[in-house]
Every structure is written in structure tokens, then in C-alpha cells.
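Novice: Okay, here's the structure, questions in a sec.
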Amino acid sequence: MSNNQKNILNRLSFVAGGMFLFALLIAFKLINIQFVEGDAYRDLAAQDATKNVVIPANRGNLYADDGSLLASSVTKYDIRFDTQTVTKKDFDENLVPLSQGLSALFGKPSSYYQNLIRKARSNKNRYLLIAKKLGYSDYIKVKNMPLFKKGSNRGGLIVIPTTVREHPMGKIAERLVGNQDRNTPGLYAVGLEGAYHTQLSGKEGRRLKQKISKGRWKPVYDENEIEPQDGYDVISTININMQDIAHHALLKQLEEYQADHGSVIVMEVATGEIKAVANLGKSRSGGYYERLNYAVGESSEPGSTFKTIAMTVALEHKVLDTATLVDTQRGKVRMYGRTISDSKRGGYGEISAATALEVSSNIGFARMIDGAYKDDPKKFTDQIKKWKLDQKIGIPILGEGAPVIPEVGDALWSKNALPSISYGYNLKMTPLQILTFYNAIANNGTMVKPRFVKEIRSWNKQIEVFGTQVIIDKIASQATIGKMQEMLKNIVVRGTGKSLYSKNFSMAGKTGTARIDYADLDTWLKDKKYVSSFAGYFPADQPKYSCIVVIHKPSADKGYYGADVTGPVFKRIAQKIYTDSPLKAEIAAKDLLDVATQRDFDGYYQYTQQDTATMPNVKGMPAMDAISLLENLGLVVQLRGSGRVQRQSLTMGTKIKEGQEIILNLS
């Protein structure tokens, strides 16, 4: 054998040996994969081919007290278009009719959609946005348009459903209802949505899905599947009509006085049910919107509305009586190095304790309370604590402001502390906390906890029912409560609230005016800032509802006293609630006529009081108000159109008979 042949043979042997070793390695690896590492690889393959998918639960609805929706989850649809999956023939045949259909539905020219879609196809856009957040009916219309009705493959239709929370009342009561956190989708932290998030949200489910061809996934039903549990429905105490009344009454006054912000709360006296909460703050553009939940969260010096609390303390301790005299001198008094002033120039002189409350004399209260408690101020503050006014009420809504009631030994305490507290300074409370006390006076001394929710339901099944919760059985003796009720009534009859008085509709309450941002007196004098308030209840003799109105920083040039700024809001709410509710039967027709003559009831009620046997002028009134008024006069009302009254068939002053017909033409 030649050397050449030997070399070739050696090379062949080497190659054959290498191939044999390579084959052995492959065989070893296959055996290792199959029997040693097989389970791990099988698990990895399963992970790539299957996945657990979360099935979100349907969020429950939030209802008003009459079953009207306050918040509900609805499905919205984004429509996109894959321009590349469509054949040229289908694209050319359907582009124009598709564009015409989109134009008819969304209002833009057909040419706009033709150019948009052509450009997207040339750019190979596979995710062209056509429309966002469509309702179900519009989604169905788009889905059945030319080309799109061919489906996702031939028609290029891409549908992306999302669940959104809608508020049928719009921006009204937005802070009370609550919104989804912008930074954390699915999280509700504020309002009723936040307070009852657990009950509303339900429990999400899980389902196994398997990957099939073309990147699609199909459900795989097995024993590990968890079905979602829909959230419960929450029935609140909020009354839609009262909420609307409170919102617009507050808005009107904020606009008129160019105030920074304000709030209103309406509570049912016997039960503590909150019927309305309005919170409006000024935007940068000058309009008003539900900026913050001031009614629940804003602690501030209450001013003269606290005098009611101070008077109740003193009467209950019998350190004075309503007839006790106090010398308010000439309207200015120095106490412990500080000047205290009354609003009346020249002062009130010597007056009774009852009159001091009626005219809201700062001097009267400072001298009465300091004189009675200066040797033992803790006795005064302990009574306030006994009523739990130094504590949060403990409502489920997040963000309740903390009250501040100083006492001896605190950093806020000084010789001036007690006189200041007596007329509402040097302490802080929220509107809801103040109203809770006034509601107790209206409720013959029983203090009940404000309540926002009636029950939690699952369809027609009651899950949890919330009843009236008593905080204190009796805050004071019946004698003290009776005296307080009489004084609060007289404030409206002859005191600081006399401009609100109506001889046919009784109200009781206390005005309040407090300076704010007054630490630097020179700065404050250049830009005077006040908080105006009115707290009370109605009707005065048989209270049904309590109410508080607080307005911050009204324009000082236009007015800032509680009787001028917040009192009219209280009265407008009280009278509208009674006029528009089933309780209106308790109000005689003469009451309604008297309501209509009041300057502050609404700017468009500009007719004079008439005898009940003659026709009033109802031009400019909303239809429902006009109907309430005229039907109480015994007239049969026929409406033509909708809106406000433009013309009336019976002229003002015409004598009317029961059963007589009147035609109202509406704008």
C-alpha cells in the first residue's frame, strides 16, 4: 500500500471516528433530555403554550335613595383598523362606502376618512385608530359597516373593549360619589366609591388559556378555573332632587359673590341620612367644579355658628339663663390685652344672653363664657369633649378633617383662648361636624351619626342594612334643648337672620362670619378674607331636615356676613326641597306665593305677593315650580313646550276659581 493510500485511509478513519463520537454525544443528549431533564423542558413548553388569564369581576352599581344610578360600569369600544390584512380587491371596493358610513356616524367628511385610510395602507399601518370609547350601539353600527363586517381577518377590524365608570349625574356630587385614581387604574380611594370599594369591586376570576395557531389563545376549562364574583350594589342615602337643588343654589351664590369655594350638606334629622352634599371650588378659568370634598375634609374656625354650642354648654351647666344680662358696652371691649368688637356700630349695650345669641354679639359671649368659666375653663372644654366634638365622627369616607378643641395646657391655650372659643375662634371643625350638633338640637337632643349608605345588595338580596346609629342619647336636658330651639328660631324671626324670615315658612338656625388668614393684620386689612356660614334646620317647629352652608372668601366688596352670603342659600334649599317634595302638601298656597316674592329665592321670581284668589305672574319660572304653585291654587295646568314659562293664558291679578284651566307656553 502506497503512502498516499495510507494517508487517505487514516483520514477516513479519523473522520469516521469523529462521526461516531458525535453520534454518541447526540444519543447521550437525547437520552438526557428525555429521561433526566424531560420534566423541566415539558414544563417550559407548557408555560409558553398556556397561561392563566385574570377575569375581572363586574363592579357593582352605586344608587341614590330612589334607585337612580349615581355610578355604573359600562363597556366602551375603541375601533382600530389593520390596513394590511385586507386584500387589494376588498380594499378598493369598500373604501368609499366605508368612509361614507364613518362620515355619517362621526360627522367628518368622507374624504377625510378616505385620505386617512389610504395613507395608513401605504405606510403599512396595522393599528390605525378609527374611533375611541364608543357606546355599544355605535360599536354595532361600525362593526356592520362595509369591509369591517368581514371581520378581523378579511376586514381588518380590531375591537378593543374597556370597562369605564360613568356618572349619570355628570359632575354633580362628583367628590361625594368618588372617581377612579388617575395614577392607579382600578383603584378607588375617595368618596363612596372608595369607602365601599371592597363591596363594589367583587372578586376577580382566573381561567387557563392555551396558545393555538397564529398567536391566538383559546380557553381551557379545567377544575382549577375560578369564576369571577360580581361586586355588590350600594344604595346610598343621597336624594337626586335635593342634590340638584343644593348644587345649583350653592353655585348661584358662589358666582354672585365671586367666592373661592363652598359646601352644602343636607341631613335628615331623625335618621342622620345625608341627602345632599355639594362641594364647589373655583377653577383657574373662573368657573366652579367639584374641586375637593370640603364638607367632609376642611377643618376651619367656624365663627359664630359655634356660639350655639357655647350657649348650650352654659345653659346645661346652669351658669346662666336666657334672661341673664350682659353688658356689651359700645361695641368694643378690651379683654386680656385684645380688642373684641361687635358688628353693630355703637354696640348693643346691656342685653340678655338670648339676645346676645340672636344678634351674635362677640362681646356678649366672650364676657359671659369667660365670666362663668375663667376659674375652671376645663369644665367648659370637658363638656365639649363629652359631646365628642373633639373627635372625628368616624364616617367611612376617606379624608375627614380632624377637629381642634384646645384646652388648658395646650400650646394654643392662653387667657384669650376661652373668650375666643366662645365666639368660634381658636378652634377648628368641619362643616359635617358642626351640622351633627345642630341636627342633635333639631332632634330634641339625640345626636345621630351622619349616614351615607342605606344598604348593600346583591340583586334583590340584602347583604347588609345600615340603620340609624345614635352617638349620644341626650346631649342636654329637655329644658336646655327647648331654650336652644326657641333662640335658633328667633334668630330668623328677629335676629341676624331676619332677612330670611317668612311668616308662612319656619326655619331655625345661626349665621356665622369668621375672619381667615388674619395672623398678619396689616396684610389682612389690605385683602380682607372671610368664611360665611349658616347652620340650622327646617321647619322650625317639626324639623325634618338640617342643613349647613359654608362659603369661603366671598368678595368683601359684595358682602361677607352669613345672613347675606350663606343664609339665602339655606333658605333657597329649604323652600325648594319642600316645594318639590311630597311634603309640599303641608305648605299652603299662600306659603308658595310668599316664597316667590323673596329676593333671594331666585333671581327670576320677580312678581309681588298676590291674594290666593288671584292669578300670580309665573313668567320665567321653571315648569315644575310653576305647576307646584298653580296646582296648589286649585288650577288645572296644561303645558306646551318645555323649559321655563314664557307666556300664561291667565294674566296676573285675574280672579281664579278652583278647577279652572291655565295654559303655560314654555321656552
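Novice: Mind checking which pairs have a first residue in segment 232-261 that is more than 30 Å from K461 (Cβ to Cβ) and a second that is part of a strand (DSSP E or B) and polar (S, T, N, Q), Cβ under 9 Å, 6 or more apart or different chains?
Specialist: Hits for this filter: L250/S263; L250/N279; Y257/S532; A259/S532; H261/N279.
Novice: For the list (1) modelled with pLDDT of 95 or more; (2) assigned to a strand (DSSP E or B); (3) touching a Phe, Trp or Tyr at 6+ places or on another chain (Cβ under 9 Å), I need the number of the one condition that S533 fails.
Specialist: Unmet condition: (3).
Novice: What are the residues in segment 155-172 that are surrounded by 18 or more Cβ atoms within 10 Å (Cβ to Cβ) and farther than 30 Å from I240 by Cα, if any?
Specialist: G155, G156, L157, I158
Novice: Hey, another quick one. Under the condition of being in contact with a helix residue (DSSP H, G or I) (Cβ under 8 Å, 6 or more places away or on another chain) and of a type in the set (V, I, T), which residue from segment 382-411 is surrounded by the fewest Cβ atoms within 10 Å (Cβ to Cβ)?
Specialist: V408
Novice: Shifting gears a bit: Among the candidates Q575, Q542, which residue alone is free of Cβ contacts under 8 Å to residues at least 60 places away in the same chain and under 22 Å from N239 (Cα atoms)?
Specialist: It is Q542.
Novice: What is the one condition in (1) farther than 28 Å from T271 by Cβ; (2) in contact with a Ser or Thr (Cβ under 8 Å, 6 or more places away or on another chain) that I472 does not satisfy?
Specialist: I472 satisfies all of (1) farther than 28 Å from T271 by Cβ; (2) in contact with a Ser or Thr (Cβ under 8 Å, 6 or more places away or on another chain) except (1).
Novice: Something else: Spot the failing condition for G331; the list is (1) crowded, with 17+ Cβ neighbours inside 10 Å; (2) modelled with pLDDT under 95; (3) within 29 Å of I481 (Cβ to Cβ), and only one is missed.
Specialist: (3)
Novice: Kindly evaluate S68 against the criterion of being hydroxyl-bearing (S, T, Y) and over 27 Å from E193 (Cβ atoms). Outline the logic, then answer.
Specialist: Numbers: hydroxyl-bearing (S, T, Y): yes; over 27 Å from E193 (Cβ atoms): no.
Against the criterion (hydroxyl-bearing (S, T, Y) and over 27 Å from E193 (Cβ atoms)), S68 does not qualify.
Novice: Would you call K415 in a helix (DSSP H, G or I), surrounded by fewer than 20 Cβ atoms within 10 Å (Cβ to Cβ) and among the charged types (D, E, K, R)?
Specialist: Details: in a helix (DSSP H, G or I): no; surrounded by fewer than 20 Cβ atoms within 10 Å (Cβ to Cβ): yes; among the charged types (D, E, K, R): yes.
Considered against the rule, which asks whether it is in a helix (DSSP H, G or I), surrounded by fewer than 20 Cβ atoms within 10 Å (Cβ to Cβ) and among the charged types (D, E, K, R), K415 comes out as no.
Novice: Quick check on my filter: what residues within segment 292-335 are within 29 Å of D517 (Cβ to Cβ), part of a loop (DSSP other than H, G, I, E, B) and without any contact (Cβ under 8 Å) to a residue 24 or more places away in the chain?
Specialist: Listed by number, the list holds a single entry, R330.
Novice: For segment 430-442, check the following and say yes or no: at least one residue is buried (at least 20 other Cβ atoms within 10 Å of the Cβ) and assigned to a strand (DSSP E or B).
Specialist: No.
Novice: Give me a count of the residues in segment 119-129 that are in contact with a helix residue (DSSP H, G or I) (Cβ under 7 Å, 6 or more places away or on another chain) and either exposed (fewer than 12 other Cβ atoms within 10 Å of the Cβ) or at pLDDT 95 or above (or both).
Specialist: 0
Novice: For the condition crowded, with 22+ Cβ neighbours inside 10 Å and polar (S, T, N, Q), what is the one hit in S263, S283?
Specialist: S263
Novice: Is at least one residue of segment 355-372 surrounded by 20 or more Cβ atoms within 10 Å (Cβ to Cβ), among the acidic types (D, E) and without any contact (Cβ under 8 Å) to a residue 60 or more places away in the chain?
Specialist: yes
Novice: Filter segment 137-178 down to residues that are among the hydrophobic types (A, V, I, L, M, F, W, C) and under 30 Å from V277 (Cα atoms), then give me how many there are.
Specialist: 6
Novice: Then there is this: Suppose we filter segment 138-154 for residues that are surrounded by 14 or more Cβ atoms within 10 Å (Cβ to Cβ) and more than 20 Å from V96 (Cβ to Cβ); how many remain?
Specialist: 2
Novice: Next up: Which one of these is crowded, with 17+ Cβ neighbours inside 10 Å, over 22 Å from A574 (Cβ atoms) and in contact (Cβ under 8 Å) with a residue 24 or more places away in the chain: K474, K483, K489?
Specialist: Result of the check over K474, K483, K489: K483.
Novice: Could you please give the count of residues in segment 485-526 that are in contact with a Leu (Cβ under 6 Å, 6 or more places away or on another chain) and assigned to a loop (DSSP other than H, G, I, E, B)?
Specialist: 0
Novice: For segment 1-114, please list each of the helices (runs of 4 or more DSSP H) lying entirely inside it that holds at least 3 residues being modelled with pLDDT of 70 or more and either at negative phi or surrounded by 13 or more Cβ atoms within 10 Å (Cβ to Cβ) (or both). Can you show your working first?
Specialist: Working: elements: 3-31, 38-49, 88-106.
Passing ranges, in order: 3-31, 88-106.
The values are calculated or read from the model by the stated rules, or taken from the named source; none is laboratory data. The structure displayed is predicted, hence computed values, not measured ones. Using ideal geometry, Cβ is built from the backbone for each residue, glycine included, and neighbour counts are taken over all protein chains shown.
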